[in-house]
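Asks: I have a structure I would like to understand better, so I am pasting it below and will then ask my questions one at a time.
Computed from the coordinates by the stated procedures, all read-outs in this text should not be read as laboratory data. Bear in mind that the values here come from a model prediction, so they are computed numbers and not experimental data. When we count neighbours, we look across all protein chains shown, and the Cβ atoms used for this are built from the backbone with ideal geometry, even at glycine.
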Ligand SMILES: [Zn+2]
């Protein structure tokens, strides 16, 4: 995991930091908002310090893929490539091993 600055222009205060895998961090890069693929409207990315996971994301397809429950969820999934094939395949193995999905 890497330490990500939630607001890339923000400081190193703990409230602006979160853990992120390499792919999500590099996919997010300096973005703080992106276009919701459903509405076409610009929306903020999910903020793990201020928002609740279950309000924005749900596991589908035998817990191997994420679906956005909100504009924030949909846009974050798209920007961070959270359903890319390699991670979906990994989740399938984690499901089979009883390690996924994590407790929210
Ligand atoms: Zn990730």
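Asks: Could you tell me the largest-minus-smallest coordinate of the C-alpha atoms of the stretch 1-87 on each of the three principal axes, in descending order and whole angstroms?
Replies: 37, 28, 21
Asks: Mark the label point 7 Å from the Cα of residue 90 along Cα→Cβ and return the residues of the stretch 23-66 whose backbone N is within less than 12 Å of it.
Replies: Once the point is set 7 Å along Cα→Cβ of residue 90, 23-25 turn out to lie under 12 Å by backbone N, inside the stretch 23-66.
Asks: Specify the inter-centroid distance of the stretch 66-104 and the stretch 1-62, based on alpha-carbon positions, in whole Å.
Replies: Taking the Cα centre of each part, the stretch 66-104 and the stretch 1-62 sit 13 Å apart.
Asks: Based only on other Cβ atoms within 10 Å, what is the fewest-to-most ordering of 46, 57?
Replies: Lowest count first: 57, 46.
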